[in-house]
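Reading through the structure tokens given below for one structure.
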Amino acid sequence: MRPASRPRLTASRARGESSPCHLGQPFSGRASLLSPFDRLVHDRKRTIELFEFDYQLEMYKPAAKRRWGYFALPILYGDRLVGKLDATADRNAGVLRVNAIHPDVTFTKTMTTAVHREIRDLAHWLELDLTLPVTASAASTG
């Protein structure tokens, strides 16, 4: 009987995976789109108390009663929750369609640029073209 070979560990990078070199780096000035199931926003009462961020997953609400969209993604900028992204991945059309960006604070030009970069990265990761609404730039003041 032949001995089983040991598995070999090699460095690899999965699509969409960030590099470990980012660990321990300051988060200042960075934007991130969170999952609606992220532990940071999971407890609605705590999220309001700690971050003054009102968020609720609205997929079970009738469309007419939704404020932010079916599956809005919380937007984290630096250490603050600053808004929600309402986007739909239309795989048949090959498009990530941004329906709205709902800012909870006034977005600076830098914030808007960082958020749009994250949205572009999401579209790229999903291998979809990106469609931004004309009003997406309304989140910026300057």
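None of the figures in this text is laboratory data; all of them are computed from the coordinates on show. Fair warning: this is a prediction, and the values are worked out from it, not measured in the lab. Here the Cβ positions follow ideal geometry from the backbone for every residue, glycine too, while neighbour counts run over all protein chains shown.
Side notes on the structure shown:
- All lysines inside 18 Å of Lys61 as judged from Cα atoms, apart from same-chain residues fewer than 8 positions distant: Lys84
- Among Phe51, Phe37, Phe107, Phe71, the order by Cβ neighbours within 10 angstrom, fewest to most, reads Phe37, Phe71, Phe51, Phe107.
- Long pairs among Lys45/Lys65; Lys45/Lys109; Lys65/Lys109, criterion Cα-Cα beyond 22 Å: Lys45/Lys109; Lys65/Lys109
- Surface/4 estimate of mean projected area, convex hull on alpha-carbon atoms of segment 29-139, nm²: 7.1
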